[in-house]
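Worksheet for the structure shown next.
The values are calculated or read from the model by the stated rules, or taken from the named source; none is laboratory data. Please read these numbers as outputs of a predicted model, since none were measured by experiment. Cβ: placed from backbone, ideal geometry, glycine included. Neighbour counts: every protein chain shown. Note: areas computed on protein heavy atoms with side chains; ligands, DNA, RNA excluded. Shrake-Rupley method; radii C 1.70, N 1.55, O 1.52, S 1.80 Å.
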Amino acid sequence: MSEENVEMVRRSYAAYNAAVSAPNPREAIRAWLERYSDPEIEWELDPIAVERHIYHGIDGVMEFFEMILDAFEQVRQVPERFIDCGDQVLVFVRTEARGRTAGLDINEEWAYLGTVRDGKSLRVQQFRDHDDPRRGGDHPDLRSAVQVVARSARPQGARRPRWVIALSGAP
């Protein structure tokens, strides 16, 4: 089942990227949420990503995406690595966006931890600033997977993003 979860999440990222570039992205994002999300989905933002907030249900999560679409003229999530953690999938993502008002380009690394139930996303947690000790969850496979990523994610001498350090516990 866990390989199926990874594949569902992989397809979801592809569908999201298609939705945000559709002629009517609001309608396409709602269709994407309805296709890939459990009706009881919870989407937890990292505190630096606007505000610490948990959106509930498809309508609630849609509020978050409305805010994103209002702020950015272009947004793309580029998944770089998927890690199978049983009923959870850890995804390392590069976010590419262009601000609507100032036109500033954003290129940031994020980690998303998704919990899957019955082939749909039940919970999504975003991580960017990773001083919170909950990072890595309580799943032992997740902790192991993140430690492997922390050792292999960057070339020797390169500074690792804070989320890798916090998730792995490595200095």
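List of remarks:
- In summary, Ile29 fulfils each of the numbered conditions (1) of a type outside the set (Lys, Arg); (2) open to solvent by 30 Å² or more (accessible area, probe 1.4 Å); (3) within 26 Å of Ala102 (Cα to Cα) with the single exception of condition (2).
- Verdict on Glu44 being over 17 Å from the mean Cα position of the chain (by Cα) and under 21 Å from Val91 (Cα atoms): no
- So Val6, is it among the β-branched types (Val, Ile, Thr) and either open to solvent by 40 Å² or more (accessible area, probe 1.4 Å) or touching a helix residue (DSSP H, G or I) at 6+ places or on another chain (Cβ under 6 Å) (or both): no
Here is a yes/no grid of residues against (1) at pLDDT below 90; (2) touching a Pro at 6+ places or on another chain (Cβ under 9 Å); (3) open to solvent by 50 Å² or more (accessible area, probe 1.4 Å):
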position	(1), (2), (3)
Gln88	no, no, no
Thr95	no, no, no
Arg98	no, no, yes
Asp105	no, no, yes
His130	yes, yes, no
Gly136	yes, no, no
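- Some residue of region 59-76 being modelled with pLDDT under 90, buried (at least 17 other Cβ atoms within 10 Å of the Cβ) and touching a helix residue (DSSP H, G or I) at 6+ places or on another chain (Cβ under 7 Å): no
- Checked against (1) surrounded by 14 or more Cβ atoms within 10 Å (Cβ to Cβ); (2) of a type in the set (Asp, Glu); (3) at pLDDT 95 or above, Glu44 meets all criteria but (3).
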